[in-house]
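Okay, here's the structure, questions in a sec.
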Amino acid sequence: MKLYFYLENSNYFDLPDLGLLQLRRELRQGLKSFSDLGQDDYARELTQLLQPDLPDDPVLLRQIQQPSPAFVISPDTSLCGLIAPKQRICLPVLFLGSGIKAIDFFVSLLQHLGTRGLYHGCGRYILEGVEAEDGSGVRSMLWSKGKQTYSLNPPVCRLSWWLERKPSFENSVQFEIVTPLRILRQGKPFFKAGFADIFPFLLRRVTSLLAAYAGVELSPYPAHYISMAKQVKVVQNSFHWKDWRTLNNEHGDQNLGGLMGALKMQGDELSELLWLLQLGHLFNIGKGATYGAGQYRLIYS
C-alpha cells in the first residue's frame with residue numbers, strides 16, 4: 001500500500017541536504033514520547049511497527065535475522081534549504097503486510113511529530129493531507145486540509161500484480177542511485193562497487209521482506225541469482241563515494257556517506273533478475289533503507 005503524506009510547515013527552518021533521510025531518529029523519539037504520555041496502546045503498536053520482534057519460526061529467524069520494519073519511506077531529498085511557512089513537504093511511504101494494519105497508528109505518530117518538529121526539533125507542521133496510490137498509479141485523496149474526507153481505507157495492491165505491469169524483458173538497464181547507498185562487509189563500507197558487489201545486498205533485502213511480510217520463501221535460489229548477477233556485463237560504472245553527514249559520538253566525529261552514481265548493464269541475464277531489481281526499487285537497499293537511504297531508479301533502454 002502506497003500513501004503520500006502532505007506536511008504543511010508552520011515556521012521557517014533550515015533543512016540540510018539529505019536531512020529527510022534522518023527521520024528514524026525523529027520517529028523513535030516521537031514513539032518514546034507516546035510512552036511517556038501514558039498512551040500504552042499506541043506505544044505498543046508503534047514499537048512493533050518501528051522495531052519489530054524477532055520471528056518465532058527458527059527457519060525464518062535464520063533467514064532474516066533482525067527483521068526490518070514493514071514500511072519504507074522514500075522522501076524527495078532534493079528538498080533542502082530554507083523551508084517557509086505553508087510550504088508543503090510530501091512524504092511517500094510504502095506499507096507491507098502487517099504494516100498495513102498499523103497505518104492509523106503511523107498517522108497518529110506523524111501528527112504527534114508535527115508538534116515536535118521534523119528535523120532536530122525544528123520544522124513543526126500539520127498533517128494537511130493523505131493521498132493513496134493504487135497499483136496502476138492512480139491517486140485519490142483520503143485527507144484534505146487536515147481533515148479526513150472519508151474512511152481511511154486505501155487500496156491494497158498485490159506485489160505480483162504490480163510486477164505484471166512492469167517490463168519483464170530487458171537486456172539493457174541503467175541502475176541509477178538517488179540517495180546514498182551504504183553497504184558494509186565485515187563492518188567496512190564499500191567505497192567502490194560493481195553490480196556483482198551490490199546484488200547480494202539487494203537480494204537479501206528483497207527476500208527478507210518477502211519472507212517476513214508476504215510469506216514468500218526463496219531459500220533454494222539465492223546462489224542461482226547471485227551466479228546470474230556475476231554474468232551481467234557492466235558497460236559503464238560511475239559509482240563514487242559521497243559523504244553526506246557527520247555522526248557525533250564519544251569516539252569523535254565520524255563522516256557517514258554512501259555510493260552515488262549509475263551502472264549501465266547489458267546481458268540476457270538481466271531479464272531473469274529484473275523482478276528483483278524492480279522490488280529493490282520499491283524497498284530501497286543498504287543501511288537506512290527503511291528511512292530513504294539507498295533509493296535507486298531503473299532506466300530501460
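Between residues in the stretch 224-248 that are touching a residue at least 12 places away in the same chain (Cβ under 8 Å) and residues that are in a strand (DSSP E or B) and open to solvent by 80 Å² or more (accessible area, probe 1.4 Å), which pairs lie under 9 Å by C-beta distance while being six or more apart or on different chains?
Asp243/Asn255; Trp244/Asn255; Arg245/Asn255
Take the stretch 201-232 and flag every residue that is open to solvent by 70 Å² or more (accessible area, probe 1.4 Å), farther than 23 Å from Phe71 by Cα and not aromatic (Phe, Trp, Tyr).
Residues satisfying the conditions are Pro220, Ala223, His224, Lys230, Gln231.
Among the candidates Ser168, Ser140, which residue alone is farther than 21 Å from Gly280 by Cα and of a type in the set (Ser, Thr, Tyr)?
Residue meeting the stated conditions: Ser140.
Right, here's the next one. Which residues, taken from the stretch 208-222, are over 19 Å from Ser271 (Cβ atoms) and in a helix (DSSP H, G or I)?
Across the stretch 208-222, the qualifying residues are Ser208, Leu209, Leu210, Ala211, Ala212, Tyr213, Ala214.
How about the stretch 256-287: which of its residues are under 21 Å from Lys242 (Cα atoms) and either in a strand (DSSP E or B) or of a type in the set (Lys, Arg) (or both)?
Answer for the stretch 256-287, where residues must be under 21 Å from Lys242 (Cα atoms) and either in a strand (DSSP E or B) or of a type in the set (Lys, Arg) (or both): Leu256, Gly257, Gly258, Leu259, Met260, Gly261, Ala262, Leu263, Lys264, Lys287.
When the stretch 1-26 is examined, which residues are found to be over 26 Å from Asp134 (Cβ atoms) and either within 19 Å of the chain's Cα centre (by Cα) or aromatic (Phe, Trp, Tyr) (or both)?
Tyr12, Phe13, Asp17, Leu18, Gly19, Leu21, Gln22, Arg24, Arg25, Glu26
Hey, could you check the stretch 35-76 for residues that are of a type in the set (Ser, Thr, Tyr) and modelled with pLDDT under 90 and say which is farthest from Gly292 (Cα to Cα)?
First, pick out the residues of the stretch 35-76 that are of a type in the set (Ser, Thr, Tyr): 35, 42, 47, 68, 74.
Add one more test, that the residue is modelled with pLDDT under 90, and what stays is 35, 42.
Numbers: Ser35: 26, Tyr42: 24 Å.
For the stretch 35-76, the residue satisfying everything is Ser35.
Out of all the residues in the stretch 120-131, which are open to solvent by 30 Å² or more (accessible area, probe 1.4 Å) and among the β-branched types (Val, Ile, Thr)?
Ile126
Name the residues in the stretch 254-266 that are open to solvent by 20 Å² or more (accessible area, probe 1.4 Å) and not hydrophobic (A, V, I, L, M, F, W, C), would you? Spell out how you get there, then give the answer.
Applying the first criterion (open to solvent by 20 Å² or more (accessible area, probe 1.4 Å)) to the stretch 254-266 yields 254-256, 260, 264, 266.
Those that are open to solvent by 20 Å² or more (accessible area, probe 1.4 Å) and not hydrophobic (A, V, I, L, M, F, W, C): Gln254, Asn255, Lys264, Gln266.
Please state which of the following conditions Gly215 fails to meet, knowing it meets all the rest: (1) over 23 Å from Pro189 (Cβ atoms); (2) modelled with pLDDT of 90 or more.
(2)
Going through Phe169, Phe191 one at a time, which residue ends up being open to solvent by 50 Å² or more (accessible area, probe 1.4 Å), over 29 Å from Gln48 (Cβ atoms) and in contact with a Ser or Thr (Cβ under 8 Å, 6 or more places away or on another chain)? It would help to see each step written out before you state the result.
Values: Phe191 fails: in contact with a Ser or Thr (Cβ under 8 Å, 6 or more places away or on another chain).
Criteria check complete, one pass: Phe169.
Okay, moving on. Report every pair of residues separated by at least 6 positions or lying on different chains whose Cβ atoms are under 7 Å apart, first residue within the stretch 162-178 and of a type in the set (Phe, Trp, Tyr), second surrounded by 15 or more Cβ atoms within 10 Å (Cβ to Cβ) and part of a strand (DSSP E or B).
Phe175/Ala262; Phe175/Leu263; Phe175/Met265; Phe175/Tyr296; Phe175/Leu298
The values are calculated or read from the model by the stated rules, or taken from the named source; none is laboratory data. The structure displayed is predicted, hence computed values, not measured ones. In this analysis, Cβ positions are derived from the backbone assuming ideal geometry, glycine residues included, and neighbour counts consider all displayed protein chains. Remember, those area values only see protein heavy atoms, side chains included, never the ligands or the DNA or RNA. Shrake-Rupley method; radii C 1.70, N 1.55, O 1.52, S 1.80 Å.
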